[in-house]
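To keep things clear, I will list the structure first and then write my remarks on it.
The values are calculated or read from the model by the stated rules, or taken from the named source; none is laboratory data. In this text, all values refer to a predicted model and were calculated from it rather than measured experimentally. Glycine also receives a Cβ, built like all others from the backbone with ideal geometry; neighbour counts cover every protein chain displayed.
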Amino acid sequence: MNKGIDCDVFQDQLDALKAGSLSDEGMAQLRLHSDSCSECAMSLRVHEHLTASTSADLEMAVPDGFADSIWPGVEAELAVRRSQRPDRRWDLRGRAWLLPVMAAAMLALAVASGLVFTELTRVKARERVLAQTVAEQQRWLAELEERTSANTNVLAAGLASRGWARALTRREEMSIAELGELLRRVPARATVLTTAQAETLMGVVSLWAPPGWKQAISEIEVGDGVRAGELVEILESLDVDREMTLRTSRILGLIRG
Amino acid sequence: MCGVRGSGIGSKMVVDNDLRVLAIACRDGDRRSYEALVNSETRALIAFAYRYTRDWELARDLTQDTWLKVYERIHRWDPTKSFRAWLLAVHRNGCLDHLRRAWVRYEATPGDEAMEGLRSVSGDGNPEEELERREFHERLVTVLGELSESQRQVFVRVDLEQNDQQEVADALGMKYTTLRTTLHFGRRRLAALLRSMEEAL
(Lines give C-alpha, C1' and ligand atoms only; values in the text may rest on other atoms or scores of the structure.)
Protein backbone atom coordinates (compact mmCIF):
# COMPACT_ATOMS: atom_id res chain seq x y z
CA MET A 1 0.00 0.00 0.00
CA ASN A 2 1.30 3.44 -0.90
CA LYS A 3 1.88 5.27 2.36
CA GLY A 4 1.54 8.72 0.75
CA ILE A 5 -1.91 7.97 -0.49
CA ASP A 6 -2.91 6.63 2.88
CA CYS A 7 -1.61 9.75 4.49
CA ASP A 8 -3.64 11.92 2.11
CA VAL A 9 -6.75 9.90 2.86
CA PHE A 10 -5.90 10.20 6.53
CA GLN A 11 -5.90 14.00 6.21
CA ASP A 12 -9.31 13.90 4.54
CA GLN A 13 -10.63 11.67 7.29
CA LEU A 14 -9.19 14.04 9.85
CA ASP A 15 -11.23 16.86 8.29
CA ALA A 16 -14.32 14.63 8.36
CA LEU A 17 -13.62 13.82 11.99
CA LYS A 18 -13.36 17.51 12.77
CA ALA A 19 -16.62 18.19 10.95
CA GLY A 20 -18.30 15.34 12.86
CA SER A 21 -19.09 13.43 9.67
CA LEU A 22 -16.63 10.56 9.98
CA SER A 23 -18.23 7.13 10.01
CA ASP A 24 -17.24 4.40 12.45
CA GLU A 25 -15.52 2.58 9.62
CA GLY A 26 -13.61 5.72 8.74
CA MET A 27 -12.66 6.19 12.37
CA ALA A 28 -11.34 2.62 12.47
CA GLN A 29 -9.28 3.23 9.32
CA LEU A 30 -7.94 6.41 10.79
CA ARG A 31 -6.83 4.64 14.00
CA LEU A 32 -5.34 1.79 12.02
CA HIS A 33 -3.29 4.13 9.88
CA SER A 34 -2.11 6.17 12.82
CA ASP A 35 -0.80 2.99 14.45
CA SER A 36 1.46 2.40 11.48
CA CYS A 37 2.40 6.02 10.63
CA SER A 38 4.07 8.06 13.35
CA GLU A 39 3.58 11.38 11.53
CA CYS A 40 -0.15 10.82 11.07
CA ALA A 41 -0.33 9.66 14.68
CA MET A 42 1.18 12.99 15.65
CA SER A 43 -1.33 14.78 13.40
CA LEU A 44 -4.13 12.95 15.19
CA ARG A 45 -2.66 13.94 18.54
CA VAL A 46 -2.46 17.58 17.44
CA HIS A 47 -6.04 17.36 16.27
CA GLU A 48 -7.22 15.91 19.55
CA HIS A 49 -5.22 18.48 21.47
CA LEU A 50 -6.71 21.40 19.59
CA THR A 51 -10.28 20.11 19.49
CA ALA A 52 -10.39 18.98 23.10
CA SER A 53 -12.65 21.89 23.91
CA THR A 54 -15.22 23.72 21.83
CA SER A 55 -15.37 27.49 21.86
CA ALA A 56 -18.40 27.34 24.10
CA ASP A 57 -16.55 24.99 26.47
CA LEU A 58 -13.60 27.35 26.62
CA GLU A 59 -15.82 30.35 27.28
CA MET A 60 -17.43 28.49 30.12
CA ALA A 61 -14.01 27.47 31.38
CA VAL A 62 -12.68 31.00 31.69
CA PRO A 63 -11.62 31.18 35.35
CA ASP A 64 -13.85 33.10 37.70
CA GLY A 65 -13.07 36.76 37.91
CA PHE A 66 -10.90 36.82 34.78
CA ALA A 67 -13.54 38.34 32.53
CA ASP A 68 -14.71 40.71 35.25
CA SER A 69 -11.18 41.93 35.86
CA ILE A 70 -10.69 43.15 32.30
CA TRP A 71 -12.73 46.36 32.42
CA PRO A 72 -11.21 47.64 35.69
CA GLY A 73 -7.79 46.81 34.30
CA VAL A 74 -8.50 48.62 31.03
CA GLU A 75 -9.92 51.62 32.87
CA ALA A 76 -6.91 51.83 35.19
CA GLU A 77 -4.48 51.53 32.28
CA LEU A 78 -6.31 54.26 30.36
CA ALA A 79 -6.17 56.52 33.44
CA VAL A 80 -2.42 55.97 33.69
CA ARG A 81 -1.96 56.68 29.99
CA ARG A 82 -4.06 59.84 30.23
CA SER A 83 -1.96 61.12 33.14
CA GLN A 84 1.24 60.40 31.22
CA ARG A 85 0.02 61.63 27.89
CA PRO A 86 2.17 64.45 26.50
CA ASP A 87 0.82 67.37 24.59
CA ARG A 88 -0.47 65.56 21.51
CA ARG A 89 -1.22 68.59 19.45
CA TRP A 90 1.89 67.86 17.41
CA ASP A 91 1.85 64.12 17.89
CA LEU A 92 0.85 62.46 14.65
CA ARG A 93 0.32 58.99 16.09
CA GLY A 94 -3.23 57.91 15.38
CA ARG A 95 -3.50 60.75 12.91
CA ALA A 96 -1.63 59.20 10.07
CA TRP A 97 -4.04 60.83 7.65
CA LEU A 98 -2.54 64.20 8.62
CA LEU A 99 0.77 63.42 6.93
CA PRO A 100 -0.55 62.98 3.39
CA VAL A 101 -2.96 65.87 3.92
CA MET A 102 -0.14 68.16 5.08
CA ALA A 103 2.08 66.98 2.26
CA ALA A 104 -0.69 67.66 -0.24
CA ALA A 105 -1.29 71.08 1.32
CA MET A 106 2.42 71.93 1.14
CA LEU A 107 2.55 70.80 -2.46
CA ALA A 108 -0.54 72.83 -3.31
CA LEU A 109 0.98 75.84 -1.54
CA ALA A 110 4.23 75.42 -3.43
CA VAL A 111 2.41 75.10 -6.75
CA ALA A 112 0.18 78.08 -5.94
CA SER A 113 3.23 80.15 -4.91
CA GLY A 114 4.95 79.20 -8.14
CA LEU A 115 1.91 80.18 -10.16
CA VAL A 116 1.53 83.48 -8.31
CA PHE A 117 5.24 84.23 -8.71
CA THR A 118 5.09 83.43 -12.43
CA GLU A 119 1.98 85.58 -12.85
CA LEU A 120 3.59 88.39 -10.85
CA THR A 121 6.69 88.28 -13.02
CA ARG A 122 4.55 88.31 -16.13
CA VAL A 123 2.52 91.27 -14.83
CA LYS A 124 5.71 93.14 -13.89
CA ALA A 125 7.13 92.60 -17.38
CA ARG A 126 3.87 93.75 -18.90
CA GLU A 127 3.87 96.76 -16.59
CA ARG A 128 7.35 97.72 -17.79
CA VAL A 129 6.27 97.41 -21.43
CA LEU A 130 3.13 99.45 -20.73
CA ALA A 131 5.15 102.09 -18.87
CA GLN A 132 7.45 102.42 -21.88
CA THR A 133 4.44 102.64 -24.17
CA VAL A 134 2.80 105.26 -21.95
CA ALA A 135 6.02 107.28 -21.83
CA GLU A 136 6.27 107.15 -25.61
CA GLN A 137 2.61 108.13 -25.92
CA GLN A 138 3.12 111.00 -23.50
CA ARG A 139 6.10 112.22 -25.46
CA TRP A 140 4.12 111.94 -28.65
CA LEU A 141 1.16 113.76 -27.06
CA ALA A 142 3.44 116.52 -25.80
CA GLU A 143 4.88 116.97 -29.25
CA LEU A 144 1.41 116.91 -30.74
CA GLU A 145 0.15 119.40 -28.20
CA GLU A 146 3.09 121.65 -28.87
CA ARG A 147 2.47 121.50 -32.58
CA THR A 148 -1.27 121.96 -32.12
CA SER A 149 -0.68 124.84 -29.76
CA ALA A 150 1.54 126.55 -32.27
CA ASN A 151 -1.00 126.03 -35.00
CA THR A 152 -3.77 127.22 -32.72
CA ASN A 153 -1.83 130.33 -31.89
CA VAL A 154 -1.28 131.10 -35.53
CA LEU A 155 -4.91 130.43 -36.29
CA ALA A 156 -6.12 132.37 -33.26
CA ALA A 157 -3.84 135.22 -34.13
CA GLY A 158 -5.29 135.41 -37.55
CA LEU A 159 -8.81 135.20 -36.27
CA ALA A 160 -8.13 137.67 -33.48
CA SER A 161 -6.45 140.13 -35.75
CA ARG A 162 -9.26 139.96 -38.18
CA GLY A 163 -11.87 140.05 -35.47
CA TRP A 164 -10.68 143.09 -33.59
CA ALA A 165 -9.73 144.82 -36.77
CA ARG A 166 -13.30 144.38 -37.99
CA ALA A 167 -14.57 145.74 -34.71
CA LEU A 168 -12.34 148.79 -35.04
CA THR A 169 -13.68 149.57 -38.49
CA ARG A 170 -17.19 149.99 -37.06
CA ARG A 171 -16.14 152.95 -34.92
CA GLU A 172 -14.34 156.17 -35.69
CA GLU A 173 -13.09 156.57 -32.19
CA MET A 174 -12.60 154.17 -29.31
CA SER A 175 -11.68 154.88 -25.72
CA ILE A 176 -8.79 153.03 -24.06
CA ALA A 177 -11.34 151.26 -21.80
CA GLU A 178 -13.30 150.11 -24.85
CA LEU A 179 -10.09 149.02 -26.54
CA GLY A 180 -9.19 146.94 -23.44
CA GLU A 181 -12.70 145.45 -23.38
CA LEU A 182 -12.39 144.53 -27.06
CA LEU A 183 -9.05 142.83 -26.47
CA ARG A 184 -10.44 140.81 -23.53
CA ARG A 185 -12.83 139.09 -25.88
CA VAL A 186 -9.84 137.80 -27.83
CA PRO A 187 -8.09 134.64 -26.41
CA ALA A 188 -5.30 135.81 -24.11
CA ARG A 189 -2.68 133.72 -25.91
CA ALA A 190 -3.73 134.86 -29.35
CA THR A 191 -1.15 137.03 -31.06
CA VAL A 192 -2.85 140.28 -31.98
CA LEU A 193 0.20 142.09 -33.26
CA THR A 194 2.98 140.52 -35.22
CA THR A 195 6.54 141.50 -34.48
CA ALA A 196 6.61 143.94 -37.34
CA GLN A 197 3.28 145.51 -36.36
CA ALA A 198 4.38 145.82 -32.77
CA GLU A 199 7.63 147.51 -33.77
CA THR A 200 5.75 149.91 -36.06
CA LEU A 201 3.30 150.64 -33.28
CA MET A 202 6.05 151.27 -30.82
CA GLY A 203 7.84 153.56 -33.22
CA VAL A 204 4.74 155.59 -34.00
CA VAL A 205 3.35 155.65 -30.53
CA SER A 206 6.60 156.85 -29.09
CA LEU A 207 6.17 160.03 -31.15
CA TRP A 208 2.75 161.08 -29.89
CA ALA A 209 1.95 158.93 -26.87
CA PRO A 210 2.01 160.33 -23.34
CA PRO A 211 5.25 159.86 -21.32
CA GLY A 212 3.86 156.90 -19.32
CA TRP A 213 3.13 155.03 -22.49
CA LYS A 214 6.59 155.33 -23.83
CA GLN A 215 8.01 153.58 -20.79
CA ALA A 216 5.42 150.79 -20.99
CA ILE A 217 5.86 150.31 -24.70
CA SER A 218 9.62 150.15 -24.38
CA GLU A 219 9.23 147.21 -21.99
CA ILE A 220 7.18 145.12 -24.41
CA GLU A 221 8.93 142.02 -25.69
CA VAL A 222 8.06 141.78 -29.35
CA GLY A 223 10.24 138.84 -30.21
CA ASP A 224 7.31 136.67 -31.30
CA GLY A 225 4.60 139.32 -31.53
CA VAL A 226 2.25 140.68 -28.88
CA ARG A 227 -0.49 138.52 -27.40
CA ALA A 228 -3.94 139.84 -26.48
CA GLY A 229 -3.40 139.18 -22.77
CA GLU A 230 -0.12 141.11 -22.80
CA LEU A 231 -1.70 144.04 -24.56
CA VAL A 232 -4.55 144.15 -22.03
CA GLU A 233 -2.02 144.17 -19.18
CA ILE A 234 -0.13 147.00 -20.89
CA LEU A 235 -3.30 149.02 -21.30
CA GLU A 236 -4.28 148.46 -17.67
CA SER A 237 -0.85 149.47 -16.45
CA LEU A 238 -0.94 152.82 -18.25
CA ASP A 239 -1.45 155.78 -16.01
CA VAL A 240 -3.88 157.59 -18.33
CA ASP A 241 -7.50 158.55 -18.47
CA ARG A 242 -9.43 155.44 -19.49
CA GLU A 243 -11.95 157.53 -21.34
CA MET A 244 -9.31 159.05 -23.53
CA THR A 245 -10.27 158.30 -27.12
CA LEU A 246 -8.09 157.11 -29.94
CA ARG A 247 -8.89 157.34 -33.60
CA THR A 248 -9.58 153.83 -34.91
CA SER A 249 -8.22 154.67 -38.38
CA ARG A 250 -4.86 155.32 -36.76
CA ILE A 251 -4.96 152.01 -34.89
CA LEU A 252 -6.06 150.18 -38.03
CA GLY A 253 -3.32 151.83 -39.95
CA LEU A 254 -0.85 150.54 -37.47
CA ILE A 255 -2.30 147.06 -37.53
CA ARG A 256 -2.39 146.82 -41.22
CA GLY A 257 1.10 148.29 -41.47
CA MET B 1 -25.89 48.04 27.67
CA CYS B 2 -27.30 45.73 25.09
CA GLY B 3 -24.83 42.86 25.32
CA VAL B 4 -25.09 39.72 27.40
CA ARG B 5 -21.97 38.77 29.27
CA GLY B 6 -20.42 35.62 27.94
CA SER B 7 -22.25 35.76 24.65
CA GLY B 8 -19.14 34.86 22.65
CA ILE B 9 -17.81 35.70 19.25
CA GLY B 10 -19.55 32.79 17.61
CA SER B 11 -22.79 33.43 19.43
CA LYS B 12 -25.81 35.17 18.01
CA MET B 13 -27.00 36.38 21.41
CA VAL B 14 -25.55 39.75 20.71
CA VAL B 15 -26.22 40.47 17.08
CA ASP B 16 -23.67 42.35 15.05
CA ASN B 17 -25.95 45.33 14.72
CA ASP B 18 -26.07 45.84 18.48
CA LEU B 19 -22.30 45.70 18.59
CA ARG B 20 -22.12 48.18 15.74
CA VAL B 21 -24.33 50.65 17.61
CA LEU B 22 -22.16 50.32 20.70
CA ALA B 23 -18.97 50.58 18.68
CA ILE B 24 -20.15 53.73 16.90
CA ALA B 25 -21.03 55.33 20.24
CA CYS B 26 -17.67 54.19 21.61
CA ARG B 27 -15.89 55.73 18.63
CA ASP B 28 -17.71 58.97 19.38
CA GLY B 29 -16.23 58.91 22.88
CA ASP B 30 -19.01 57.28 24.90
CA ARG B 31 -17.24 55.55 27.79
CA ARG B 32 -20.31 53.56 28.84
CA SER B 33 -20.60 52.02 25.37
CA TYR B 34 -16.95 51.08 25.51
CA GLU B 35 -17.50 49.41 28.87
CA ALA B 36 -20.53 47.59 27.46
CA LEU B 37 -18.47 46.32 24.53
CA VAL B 38 -15.72 45.11 26.84
CA ASN B 39 -18.13 43.30 29.12
CA SER B 40 -20.00 41.81 26.18
CA GLU B 41 -17.09 40.29 24.27
CA THR B 42 -14.35 39.75 26.82
CA ARG B 43 -15.13 36.16 27.74
CA ALA B 44 -15.07 35.10 24.08
CA LEU B 45 -11.80 36.93 23.52
CA ILE B 46 -10.16 35.25 26.50
CA ALA B 47 -11.30 31.84 25.23
CA PHE B 48 -9.97 32.71 21.77
CA ALA B 49 -6.58 33.74 23.14
CA TYR B 50 -6.48 30.59 25.27
CA ARG B 51 -6.39 28.52 22.08
CA TYR B 52 -3.10 30.26 21.29
CA THR B 53 -1.59 30.29 24.74
CA ARG B 54 -3.14 27.44 26.74
CA ASP B 55 -2.63 29.83 29.60
CA TRP B 56 -5.58 31.69 31.10
CA GLU B 57 -3.50 34.49 32.60
CA LEU B 58 -1.70 35.12 29.32
CA ALA B 59 -5.05 34.95 27.55
CA ARG B 60 -6.42 37.54 29.95
CA ASP B 61 -3.43 39.84 29.44
CA LEU B 62 -3.70 39.53 25.66
CA THR B 63 -7.41 40.32 25.88
CA GLN B 64 -6.77 43.43 27.96
CA ASP B 65 -4.14 44.56 25.45
CA THR B 66 -6.67 44.02 22.68
CA TRP B 67 -9.23 46.27 24.37
CA LEU B 68 -6.63 48.99 24.84
CA LYS B 69 -5.77 48.72 21.14
CA VAL B 70 -9.46 48.91 20.29
CA TYR B 71 -9.77 52.11 22.35
CA GLU B 72 -6.86 53.68 20.48
CA ARG B 73 -7.71 52.42 17.00
CA ILE B 74 -11.49 52.32 16.86
CA HIS B 75 -11.49 55.27 14.45
CA ARG B 76 -9.88 52.88 11.93
CA TRP B 77 -12.90 50.59 12.02
CA ASP B 78 -15.20 50.99 9.03
CA PRO B 79 -18.78 51.11 10.42
CA THR B 80 -20.09 49.64 7.18
CA LYS B 81 -18.29 46.39 8.09
CA SER B 82 -18.69 43.97 10.97
CA PHE B 83 -17.29 45.25 14.24
CA ARG B 84 -16.93 41.70 15.51
CA ALA B 85 -14.77 40.71 12.54
CA TRP B 86 -12.60 43.79 13.07
CA LEU B 87 -12.32 43.11 16.78
CA LEU B 88 -11.32 39.51 16.09
CA ALA B 89 -8.70 40.65 13.59
CA VAL B 90 -7.15 42.99 16.17
CA HIS B 91 -7.20 40.24 18.77
CA ARG B 92 -5.75 37.65 16.38
CA ASN B 93 -2.85 39.98 15.56
CA GLY B 94 -2.15 40.36 19.27
CA CYS B 95 -2.18 36.58 19.75
CA LEU B 96 0.08 36.04 16.73
CA ASP B 97 2.48 38.65 18.08
CA HIS B 98 2.60 36.61 21.25
CA LEU B 99 3.45 33.51 19.23
CA ARG B 100 6.12 35.39 17.30
CA ARG B 101 7.75 36.47 20.56
CA ALA B 102 7.73 32.82 21.61
CA TRP B 103 9.40 31.81 18.34
CA VAL B 104 12.05 34.49 18.77
CA ARG B 105 12.70 33.35 22.34
CA TYR B 106 13.00 29.77 21.15
CA GLU B 107 15.49 30.70 18.45
CA ALA B 108 17.54 32.71 20.94
CA THR B 109 17.42 30.10 23.72
CA PRO B 110 16.40 26.75 22.29
CA GLY B 111 15.53 23.88 24.59
CA ASP B 112 14.12 23.67 28.08
CA GLU B 113 14.91 27.28 28.89
CA ALA B 114 12.59 28.51 26.14
CA MET B 115 9.93 26.07 27.18
CA GLU B 116 10.20 27.32 30.71
CA GLY B 117 9.66 30.84 29.47
CA LEU B 118 6.37 29.83 27.91
CA ARG B 119 5.21 27.78 30.86
CA SER B 120 2.49 28.73 33.25
CA VAL B 121 1.57 26.82 36.38
CA SER B 122 -2.05 27.67 36.73
CA GLY B 123 -4.81 25.32 35.59
CA ASP B 124 -7.52 22.93 36.63
CA GLY B 125 -7.76 19.17 36.51
CA ASN B 126 -5.00 16.66 36.91
CA PRO B 127 -1.80 18.65 37.38
CA GLU B 128 0.31 16.08 35.54
CA GLU B 129 -2.04 15.89 32.59
CA GLU B 130 -2.35 19.64 32.57
CA LEU B 131 1.41 20.02 32.57
CA GLU B 132 1.68 17.47 29.75
CA ARG B 133 -0.95 19.36 27.71
CA ARG B 134 0.87 22.60 28.19
CA GLU B 135 4.22 21.24 27.27
CA PHE B 136 2.74 19.73 24.15
CA HIS B 137 1.09 23.03 23.28
CA GLU B 138 4.34 24.88 23.82
CA ARG B 139 6.11 22.49 21.46
CA LEU B 140 3.28 22.91 18.98
CA VAL B 141 3.53 26.69 19.14
CA THR B 142 7.28 26.51 18.81
CA VAL B 143 7.27 24.38 15.67
CA LEU B 144 4.52 26.54 14.18
CA GLY B 145 7.26 29.09 13.65
CA GLU B 146 8.98 26.62 11.34
CA LEU B 147 6.08 26.43 8.87
CA SER B 148 5.88 28.61 5.81
CA GLU B 149 3.84 31.78 6.21
CA SER B 150 0.89 30.41 4.21
CA GLN B 151 0.95 27.02 5.96
CA ARG B 152 1.08 28.72 9.34
CA GLN B 153 -1.69 31.15 8.46
CA VAL B 154 -3.99 28.38 7.30
CA PHE B 155 -3.16 26.03 10.18
CA VAL B 156 -3.72 28.77 12.77
CA ARG B 157 -7.08 29.76 11.34
CA VAL B 158 -8.43 26.31 10.62
CA ASP B 159 -6.95 24.01 13.27
CA LEU B 160 -5.89 26.33 16.06
CA GLU B 161 -8.87 28.68 15.95
CA GLN B 162 -11.21 25.93 14.74
CA ASN B 163 -12.78 27.91 11.91
CA ASP B 164 -14.62 26.54 8.90
CA GLN B 165 -12.28 25.82 5.98
CA GLN B 166 -14.49 27.48 3.38
CA GLU B 167 -14.82 30.63 5.52
CA VAL B 168 -11.07 30.79 5.99
CA ALA B 169 -10.50 30.33 2.27
CA ASP B 170 -12.88 33.22 1.62
CA ALA B 171 -11.26 35.39 4.28
CA LEU B 172 -7.77 34.75 2.92
CA GLY B 173 -8.85 35.04 -0.69
CA MET B 174 -7.70 31.51 -1.49
CA LYS B 175 -9.31 28.76 -3.52
CA TYR B 176 -10.80 26.08 -1.29
CA THR B 177 -8.68 23.36 -2.91
CA THR B 178 -5.53 25.44 -2.44
CA LEU B 179 -6.38 25.93 1.21
CA ARG B 180 -6.87 22.19 1.73
CA THR B 181 -3.58 21.35 0.04
CA THR B 182 -1.74 23.99 2.07
CA LEU B 183 -3.40 22.78 5.26
CA HIS B 184 -2.52 19.12 4.64
CA PHE B 185 1.11 19.87 3.87
CA GLY B 186 1.28 22.15 6.88
CA ARG B 187 -0.19 19.53 9.19
CA ARG B 188 2.23 16.88 7.98
CA ARG B 189 5.25 19.16 8.32
CA LEU B 190 4.10 20.21 11.76
CA ALA B 191 3.69 16.56 12.79
CA ALA B 192 7.14 15.71 11.47
CA LEU B 193 8.71 18.60 13.36
CA LEU B 194 6.90 17.68 16.57
CA ARG B 195 8.04 14.09 16.24
CA SER B 196 11.64 15.19 15.76
CA MET B 197 11.40 17.47 18.75
CA GLU B 198 9.92 14.77 20.98
CA GLU B 199 12.56 12.30 19.91
CA ALA B 200 15.24 14.84 20.80
CA LEU B 201 13.84 15.43 24.29
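Summary of computed values
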| quantity | calculated |
| --- | --- |
| Sole exception among (1) of a type in the set (Asp, Glu); (2) within 21 Å of the chain's Cα centre (by Cα); (3) not in a loop (DSSP other than H, G, I, E, B) for B:Glu198, by number | (2) |
| Members of the stretch B:158-179 that are in a helix (DSSP H, G or I) and under 15 Å from A:His47 (Cβ atoms) | B:Val158, B:Asp159, B:Leu160, B:Gln165 |
| Any pair with Cβ under 6 angstrom, 6 or more apart, that starts in the stretch B:23-46 at a residue that is more than 9 Å from chain A (Cβ to nearest Cβ) and ends at one that is surrounded by fewer than 19 Cβ atoms within 10 Å (Cβ to Cβ) and hydrophobic (A, V, I, L, M, F, W, C) | B:Ser33/B:Ala25; B:Ala36/B:Met1 |
| The lone exception for A:Ser83 - which of (1) crowded, with 16+ Cβ neighbours inside 10 Å; (2) within 60 Å of the chain's Cα centre (by Cα) it fails | (1) |
| Enumeration of residues in the stretch A:145-162 that are at pLDDT 70 or above and surrounded by 11 or more Cβ atoms within 10 Å (Cβ to Cβ) | A:Glu145, A:Thr148 |
| Residue satisfying condition, being touching a Leu at 6+ places or on another chain (Cβ under 9 Å) and aliphatic (A, V, I, L, M), within set A:Leu14, A:Leu32, A:Leu58 | A:Leu14 |
| Unique match (being modelled with pLDDT of 80 or more, away from every other protein chain (no Cβ under 11 Å), more than 19 Å from the chain's Cα centre (by Cα) and buried (at least 17 other Cβ atoms within 10 Å of the Cβ)) among B:Trp77, B:Trp86 | B:Trp77 |
| Selection count, the stretch A:42-59, where residues are more than 8 Å from chain B (Cβ to nearest Cβ) and either in a helix (DSSP H, G or I) or touching a Phe, Trp or Tyr at 6+ places or on another chain (Cβ under 6 Å) (or both) | 3 |
| Residues satisfying the stated conditions in the stretch A:60-71, i.e. outside any loop (DSSP other than H, G, I, E, B) and either polar (S, T, N, Q) or more than 7 Å from chain B (Cβ to nearest Cβ) (or both) | A:Met60, A:Ala61, A:Asp68, A:Ser69 |
